[in-house]
Amino acid sequence: MAKHPISSQIIADVGISLGDEGKGRLIPEVIADLRIQTGDPAPVAVVLKVNGGANSGHTCGGLKLNLFPAGVVDRTVDCLAIGAGVVADPRKFIWEARYIEHAGFEVMSRLLIDERTMLSDLSHRVLDLAWESYRANVLKETPRGSTGRGISPAYMEETAHFQMYYMEFLGCKDRFAQRMRGRLDRASRTVQHVCQVTEEKWHEFFSTLTVAEERANKTTIDAGLWPADEFKFERFKGAAPFTFNADAVIDTYWETGQKLAASIGEVRERVLRALHNKKYVVGEFGQSYWLGKRTGFSPNQTASHTYTPEFFQSAGVPLQPIHTIGVCKAYDTKVGTHTYISKMPDEHPLCEQLKLLEFGTSTGRQRMVGWFDAVEKGDALRYGGFQELMINKLDALSYSKNWNGGDLLICTAYKTRDGSLIHHVPRDGSVHQQLSPVFTQHPGWAEDISNVRHFADLPLNARHYVGAMVKSILDVAYEGQTWPAELPRLRYLGVGPDPDQVIRDLPETAELF
């Protein structure tokens, strides 16, 4: 059947679960569709990273990306933009660019970092670890599961009016050095006196960062593209505990910033020019709706806005129509200490099977696994909005090994302790923690579907399960309302990790039911 046309020149690639949905693989699919729709071999002029920083990992075309948007894998995209809503460590740009270019994709000539993109640095990474220590050792709480990339502390500088922008690399080094010394001093005092970190823990932070970056950059180290010393953080410690080697930090970051200076400019003008020239702009979001700082549940949320309104703030352009595609998986995963209503029992054979697949792109952490939660996804549609869906990893649910028979569950509502049903995610975290899932049951299938490319060729039970997922989302989204005449559609169905493992000929929404 014919694919529905993309309805706007601006397209939002958003997550509607708790992250890790496979948002990166959506970008090349959309670009390929736009080539057919427009007849233009290069329809997308800009792919914009909208929010977050190097904490949000996307996988696309075999590349594991953190700071760069997944548009890197399409060579016709002229501009890989970093919006003003992003916080970014300049060293991560350089490290990741070398990894990407080693894989055969030119990126530095296409990179455009907005002048107002916020600068994150070593001090924020140390603060990230220190605040985790504070939660565990002073407050006696469970750590929130931070990536240690310094994202939240960098956003804290924005609200405290101490932010530094990438435009500072276009100024003079003396001014940069003065501001960086102040930043390092604030971090040192906070770590010692507020977070109450021990001297032993202070030294440990730097080795922790070294190990993390050596792991993240193993491909380029093994290929001889970087010496291992590049990722040693111990050289940034001061002579005394709770001090930084300020000169080393300043010189390193200034020199790195100068390598990026030619890529710093006005993203807003580039986006407006693309729209004026009838080209498309894709906004790639890190994290997801339920991790947003206004929509998520503290402390398990990110420090940025994770849904479509942030596109316009980050790009710096006027509010206008936007085509939103919500991405999720055919089951759910979470990392951190989230309330997990639809969590599978660890001993369930499907849970054991899925856990072999589920590790964080940025951190390598084991993800928790759960049944498909249609309440979360339906509320992302009800309150956030999206026109279309991409559902990934349907293939992972096929019977295999110990998972050799049984029903698949979909969470369609929540139950309170008194037995009342709730059809939406409560905004009060304390209420959220007390709920239990209400499941519907759906027969599974034994066939390997990773080579299926047409919806009609899927096993009947797989087709029924896909229809049940979509209908359950809409039941939540329009609960108590009249359904609209034009329903959100399922645009793509992922049946494996490779770029070609996607089913595209999906029926109209009503036919799925």
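Give all pairs with beta carbons closer than 7 Å in which a residue from region 448-471 that is surrounded by 20 or more Cβ atoms within 10 Å (Cβ to Cβ) meets a residue that is among the basic types (Lys, Arg); count only pairs at least 6 apart in sequence or on separate chains. Listed pairs, sorted by first residue: none to list. Checking Ala88, Ala12, Ala45 one by one, the residue that is among the small types (Gly, Ala, Ser) and under 26 Å from Glu230 (Cα atoms) is Ala88 and no other.
Yes or no, residue by residue, for (1) among the hydroxyl-bearing types (Ser, Thr, Tyr); (2) out of contact with any helix residue (DSSP H, G or I) (no Cβ under 8 Å at 6 or more places or on another chain); (3) buried (at least 21 other Cβ atoms within 10 Å of the Cβ); (4) on the phi < 0 side of the Ramachandran plot:
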site	(1), (2), (3), (4)
Pro69	no, no, yes, yes
Val72	no, no, yes, yes
Asp78	no, yes, no, yes
Ile82	no, no, yes, yes
Glu96	no, yes, yes, yes
Tyr99	yes, no, yes, yes
His102	no, no, no, yes
Phe105	no, no, no, yes
Asp114	no, no, yes, yes
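I want to confirm something. Restricting to region 427-447 and keeping residues that are touching a residue at least 40 places away in the same chain (Cβ under 8 Å), open to solvent by 30 Å² or more (accessible area, probe 1.4 Å) and of a type in the set (A, V, I, L, M, F, W, C), which single residue is nearest to His464 (Cα to Cα)? Result: Ala446.
Polar (S, T, N, Q), within 22 Å of Glu132 (Cα to Cα) and either assigned to a loop (DSSP other than H, G, I, E, B) or in contact with a Ser or Thr (Cβ under 8 Å, 6 or more places away or on another chain) (or both): is that true of Thr339 in this structure? Considered against the rule, which asks whether it is polar (S, T, N, Q), within 22 Å of Glu132 (Cα to Cα) and either assigned to a loop (DSSP other than H, G, I, E, B) or in contact with a Ser or Thr (Cβ under 8 Å, 6 or more places away or on another chain) (or both), Thr339 comes out as yes. When Val271 is tested against the conditions (1) touching a strand residue (DSSP E or B) at 6+ places or on another chain (Cβ under 6 Å); (2) more than 22 Å from Ile113 (Cβ to Cβ), the lone failure is (2). Exactly one residue out of Ser298, Ser288, Ser304 is at pLDDT below 95, under 20 Å from Ala84 (Cβ atoms) and of a type in the set (Gly, Ala, Ser): that is Ser304. Which residues, taken from region 119-166, are among the β-branched types (Val, Ile, Thr) and farther than 19 Å from Thr256 by Cβ? Those that are among the β-branched types (Val, Ile, Thr) and farther than 19 Å from Thr256 by Cβ: Val138, Thr142, Thr147, Thr159. Of the helices (runs of 4 or more DSSP H) lying entirely inside region 118-227, those containing at least 3 residues that are open to solvent by less than 50 Å² (accessible area, probe 1.4 Å) and either polar (S, T, N, Q) or without any contact (Cβ under 8 Å) to a residue 12 or more places away in the chain (or both) are 122-137. Among the residues of region 63-98, those identified as assigned to a loop (DSSP other than H, G, I, E, B), under 22 Å from Val317 (Cβ atoms) and either at pLDDT below 95 or within 19 Å of the chain's Cα centre (by Cα) (or both) are Leu67, Phe68, Pro69, Gly83, Ala84, Gly85.
The values are calculated or read from the model by the stated rules, or taken from the named source; none is laboratory data. Remember, predicted model here, so these are calculated numbers, not experimental data. Note that we place each Cβ from the backbone using ideal geometry, even for glycine, and neighbour counts take in every protein chain shown. All accessible areas refer to the heavy atoms of the entire protein, side chains included, with ligands and DNA or RNA removed. Shrake-Rupley method; radii C 1.70, N 1.55, O 1.52, S 1.80 Å.
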